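Just so it is clear, none of the values below were taken in a lab; they were calculated from the coordinates. Computed from a predicted model, the values in this text were never measured in an experiment. Counting neighbours? That spans all protein chains shown, and the Cβs are built from the backbone with ideal geometry, glycine included.
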Amino acid sequence: MTLIPLTEEQREIVQLARGFAADEIAPHADKWDREAAMDLGVARRMGELGFLGMLIPEQYDGLGLDTVSYLLALEEIAVADASTAVLMSVHNSLPTQMLLNYGSEAQKDRFLRPMARGEKIGAFALSEPDAGSDASALRCQAMRADDGWVLNGTKSWVTSGSFADVIMVMARSDSPDARRGSKGISAFIVTPDLPGFHVGKKEDKMGLRASPTVQLTFDNMRVPAANLLGQEGQGFVYAMRSLDNGRLGIAAQALGIARAALSASLDYAAERKQFGQPIKDFQAIQFKLADMASRISSARSLLHLTALAKDRGESTTLYGSMSKLLASETAMWAANQAVQIFGGYGYVKDYPVERLFRDAKITEIYEGTSEIQRIVIARELYASRNMD
Ligand SMILES: Cc1cc2nc3c(=O)[nH]c(=O)nc-3n(C[C@H](O)[C@H](O)[C@H](O)COP(=O)(O)OP(=O)(O)OC[C@H]3O[C@@H](n4cnc5c(N)ncnc54)[C@H](O)[C@@H]3O)c2cc1C
């Protein structure tokens, strides 16, 4: 639980998410992982419960909740299954926020409302085979056509891309000769029914296996003019601003994984006996448990304080990057400790920590690697020089 005081409503949200995760997600998480398949019924249920519209105002059919409520719910879902959590995080943090902040009223009516109700799932397509950390190097090309745009190119690593109904695609809208870097990139609202839209290779991943990660290719895909988001040439700025908040979601996902690792370790250390006593009585094991709990609490405190700052309208670039860095490295470290506490049993699929170890790793990579977070943090330190 968090150290910041919670309202009655926030406590109820935690209970709702915890109950839903325990009843409808946790019992299936190992199977989904083994079969590398997501049950879309769960996404539908999340929509019915409001978990896919938590940050959207009621005016657009969302719940209009604060960021701490959202992060608390997301952490509960991630305790049960990191794959389900990433669907929730991407949907809530990226495409819906871009529509809310930069979309026209017509776009909000057509796309945001059904997404807030959970009837349509969102995805975010920025990365390409040769444009990862340096996303401004993307090459997907949008050319003006009479009635809109024609897109050509390939997007890689698109979370939920095989079933998403609304995909926010960043593409170059400047002429191929102009190459105005990040200034020549626009954001387009893409739906899978557009002619020329193709779902490509599904990645065979180490972890997060139930979440489909796919390539998308656009082959002379015609996008109506009405699907340009906001201003032409501003897509990269929109995407970067949204990632500032997306990182808070990934931090909550990481905390859920870390918490699951701690919980499994507490149970196992109390049951497992060696040298005639439960291994929890060995100080070496107690120290691991104590360190796991301490790191989780400290990462969560920073995350929730950052969420409060965001809801006060302050920039979250610095503390959001710190939160993501701290939480993801805590998740990876805690999952590693958990495998160690389980010994040989931690290395096999009979116990959950093997999956947690595999799932934790991705939180150090996507929505900005740990190296990129450190670059952002160092840059912000010099920019502001106000770390008191
Ligand atoms: C499971 C999964 C889901 C994903 N989901 C999405 C999604 O939904 N939408 C989307 O757009 N993308 C998505 N991604 C892509 C993800 O955001 C990128 O993988 C990530 O940004 C890193 O890019 P890269 O893989 O090209 O690595 P690279 O950028 O090639 O980096 C390789 C290594 O070099 C380091 N590095 C790079 N630049 C620097 C630097 N300047 N200084 C120091 N070190 C540096 C990196 O930190 C890393 O260690 C997903 C990826 C995965 C694996």
Q: Pick out which of ASP193, ASP33, ASP109 has the largest mean-square fluctuation in a Gaussian network model of the chain, springs linking Cα atoms closer than 10 Å.
A: ASP193
Q | Most to least packed among 217-229, 122-134 [average Cβ atoms within 10 Å] | A | 122-134, 217-229
Q. If the label point is 7 Å along Cα→Cβ of GLN283, which residues in the stretch 330-367 have backbone nitrogen under 18 Å from it?
A. none
Q) Where a Cα-Cα gap under 16 Å defines reach, which aspartates and glutamates qualify for LYS310, not counting those fewer than 8 residues away within the same chain? A) ASP66, ASP244
**Q.** Simple label model, 7 Å out from Cα along Cβ direction - SER104 to ASP134, nm
**A.** 3.6
**Q.** Peptides ranked, highest mean first, by Cβ atoms within 10 Å: ranges 91-100, 66-75, 373-382
**A.** 91-100, 66-75, 373-382
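From the mean inverse distance of alpha carbon pairs (Kirkwood) and the Cα radius of gyration, derive Rg over Rh for the chain.
Details: Rg = 21.0 Å, Rh = 21.4 Å.
For the chain, the value is 0.98.
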(Q) Can you give me the Kirkwood hydrodynamic radius for the stretch 309-388, using every pair of distinct Cα atoms, in Å to one decimal? (A) 14.2
**Q.** Whichever lysines have a C-alpha closer than 21 Å to that of LYS361, once near sequence neighbours (fewer than 8 apart) are set aside
**A.** LYS31, LYS202, LYS205, LYS288, LYS324, LYS349
Q) Taking the stretch 29-147 as the region of interest, what is the percent of Cα-Cα pairs per 10 angstrom bin, listed from the shortest bin to the one with the maximum distance? A) 13, 37, 31, 17, 2
Q. So what is the relative contact order for the stretch 221-366, in percent, with contacts set as C-alpha pairs under 8 Å and at least six apart?
A. 31
Q: Using only the C-alpha atoms of the stretch 229-388, find the volume of their convex hull and express it per residue in Å³.
A: 132
Q. Stretch GLU35-GLU12 to full length: gain in nm at 0.36 nm per residue minus the Cα-Cα span?
A. 5.0 nm
Q: Using only Cα atoms, tell me the angle between helix 67-80 and the longest principal axis of the chain; keep it within 0 to 90° and round to the nearest 10.
A: 60
**Q.** Relative contact order computed over the chain (Cα-Cα under 8 Å; 6+ residues apart), in percent
**A.** 17
(Q) Suppose only helical runs count, i.e. DSSP H with n ≥ 4. What mean residue ellipticity at 222 nm does that imply for the chain under -39500 (n - 2.57) per run, divided by all residues and rounded to the nearest 500 deg cm²/dmol? (A) -15500 deg cm²/dmol
